[in-house]
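Okay, structure first, notes after.
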Amino acid sequence: MNGEREMQADVVVIGCGASGLCAALTLSFGGASVLMVEQEPEPGGMTNYAEGMFAVGSRMQKKAKVGLTVEEAFNIHMEETHWLANPRLVRTFMDKTADTIDWLEAQGARFSGLFTISPLTQRVWHQMVGFGKEGLIEPLFAKAQKQKNIEILFETEVKSLLMEDGRAVGVVAKGKNGQAIQAKAKVVIIASGGYQDNQEWVDKYCKSGFTRPVVPARQVGSGASMAWQVGAEPYDMGVMQTIVLVPEEELTSQLLTAGFQPRLWVNKLGERFCNEAICWKFPMAGNALARQPGATAWCIFDDDTKLQMKKEGVSYVLGEFYDILKNLPDLDEELARGEEAGKVFRNATLEGLAAAIGVNQATLSETVAEYNGCCDKNYDPIFAKDRVYLQPIKKAPFYAVKLGLAAFMTNGGIRINHKTQVLKEDRSPIPGLYAIGCCAGGILGDTYEVSTTGGSLSFAVNTGRIAGESVLEDLGK
Ligand SMILES: Cc1cc2nc3c(=O)[nH]c(=O)nc-3n(C[C@H](O)[C@H](O)[C@H](O)COP(=O)(O)OP(=O)(O)OC[C@H]3O[C@@H](n4cnc5c(N)ncnc54)[C@H](O)[C@@H]3O)c2cc1C
């Protein structure tokens, strides 16, 4: 290429998030030279925001007497994904998870403890100190920088794969200042994350085109596009890590916490549509909301519930983002802020509240009366909500907090086997091409699964290691 930069390594890794870094380090320790290409100026991608990762049988779990076995976790995961996930791939990554926690700690990663996402699930969520950025990415990146056989290019976007006789032999990228780069390699690993920022794909493949990324970035599925162009099978498109949120609120905001509670949720028509306590399995709540008109709803509560949240605490929390049963001391100010932004409405009467949120007054009154009936009986004969979450809506003023759909990430795009080799439609591997982390399919069914909490990040780090080991074998190292 004239006037353009040419580079060479044993392996090119596209993306410097959790999966890419784990693959690069494994390769480097095994003696392969690695070129990592990252489109952003910093490492970490969406991993920077993650709280924790799934593992089963780790030393932390043994110490805490968490008795779950790999077999049990595998069965839970396969049942919850309705056996749509690739069982061999799931088993292979699950077999590795305990060892991977040790391996990550040996690279400097720091974990703060074991958590669970709900009272119904096991303590499999290994939380990182300071989220993924501080606890995982910074130490892995520091380690990678020390490895003489790893080079990392930032602000460099991979545009396409180089192929020779059906084998992946490198990438074409656009570097800083628009410089064209051609990097040759024996193997290419795609570790480019999801496509949650690609609205066209979200509209086309996902249950609700109304979904917005929780953390907007530039993850548009370019890795999947590149793989498809060279014959990879598009696979498991449409799986989003959806969550119900108050639109455009920080995950740590007290307003968001107050809105995403198992109180009464009504859709645009003023109708109740789910057992609101499914918020404990947040993608299920996402599914229920995705089926409602405009994928929006209102969380309705009264002044007694507001006071309870302020003074005593909330029923539900999103992992570490807000401590369980922590009260919301700034709730009045937060609700007032929400009112100014048109996300919260408050009224002395239910009729006035219905008018303010544009819902049929008679329907809302009927829905509230029916719900209050459930609360009075301490029994929900309609959606079987656990009685601990049944709180009536009686004392004015009444509040409505707007709920909408968002997604952490997408999972899926490229079909891989349990060695992380990229497969064509006839299930034969494309020589020299691997895919790992969120751009690869096979870990889920039609919905993100949270009984094996932290499975997405776990899949990323473990497929990173698996790819590294498979490629070393491929290279004869
Ligand atoms: C707020 C939030 C909280 C989360 N919490 C959890 C959690 O607690 N547990 C859990 O399991 N999961 C969680 N997730 C999901 C988790 O972050 C992902 O599973 C994980 O980060 C995936 O790692 P990855 O390596 O596949 O992708 P990433 O870490 O996103 O890395 C992909 C990298 O590829 C780069 N890239 C993309 N295209 C190109 C290109 N063409 N050229 C060069 N570089 C490219 C990107 O810039 C990015 O840096 C959370 C996500 C968010 C947003």
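FYI, it's all coordinate maths here, none of it is from the lab. Given the structure is predicted, the values throughout are model-derived calculations rather than measurements. Here Cβ is always computed from backbone atoms with ideal geometry, including for glycine, and neighbour counts include all displayed protein chains.
Values computed for the structure shown
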| read-out | value |
| --- | --- |
| Fraction of beta bridges assigned by DSSP in the chain that are antiparallel (%, nearest 5) | 70 percent |
| Residue-averaged [θ]222 nm for the chain, counting only DSSP H segments that reach four residues, each worth -39500 (n - 2.57) | -9500 deg cm²/dmol |
| Within the stretch 178-202: backbone nitrogen closer than 11 Å to the Arg218 label point (7 Å, Cα to C-beta) | 178 |
| Overall Cα dimensions of the chain, principal axis frame, Å, largest first | 72, 50, 41 |
| Flagged links, alpha-carbon separation over 28 Å, of Lys62/Lys146; Lys306/Lys385; Lys281/Lys306; Lys159/Lys419; Lys146/Lys184; Lys148/Lys424 | Lys62/Lys146; Lys148/Lys424 |
| Taking Thr100, Thr367 and counting other C-beta atoms within 10 Å, the order from fewest to most | Thr100, Thr367 |
| Ser192 long-range amide H proximity, modeled H, under 5 Å | Ile436, Cys439 |
| Whole-Å semi-axes of the ellipsoid equivalent to the stretch 361-477 (Cα gyration tensor, √5λ, descending) | 51, 14, 13 |
| Nearest-ten-degree value, helix 455-474 long axis tilted from longest Cα axis of the chain | 10 degrees |
| Set of the stretch 233-261 residues, backbone N closer than 19 Å to the point 7 Å along the Cα-Cβ line of Glu333 | 249-259 |
| The stretch 242-406 - convex hull of the alpha-carbon atoms, volume per residue in Å³ | 98 Å³ |
| Inter-site label distance for Arg59 and Lys326 at 7 Å from Cα along Cβ, in nm | 2.9 nm |
| HN-Hα J in Hz across the stretch 154-162 - Karplus 6.51, -1.76, 1.60, θ = phi - 60°, x for Gly and Pro | 9, 6, 10, 9, 6, 9, 7, 9, 8 |
| Taking Tyr316, Tyr49, Tyr195 and counting other C-beta atoms within 10 Å, the order from fewest to most | Tyr49, Tyr316, Tyr195 |
| Cα-based equivalent ellipsoid, the stretch 188-333: semi-axes from gyration tensor eigenvalues, Å | 34, 17, 12 |
| Label-to-label distance, nm, for residues given as Tyr49 and Lys204 (7 Å Cα→Cβ offset) | 2.3 nm |
| For the stretch 8-25 and the stretch 230-269, distance of Cα centres in Å | 30 Å |
| The stretch 114-226 pair-distance distribution - Cα-Cα, 5 Å bins, rounded % | 2, 9, 12, 14, 17, 18, 14, 8, 5, 2, 0 |
| Charge tally in the Cβ shell below 15 Å around Met163, where Lys, Arg are +1 and Asp, Glu are -1, Met163 excluded | +3 |
| Cβ-based exposure ranking for Ser458, Ser222, in which fewest neighbours within 10 Å come first | Ser222, Ser458 |
| Simple spin-label estimate for Lys424 and Phe273 in nanometres, 7 Å along Cα-Cβ | 4.4 nm |
| R0 of 22 Å, Cβ-Cβ distance Ala362-Asp303: FRET efficiency to nearest 0.05 | 0.45 |
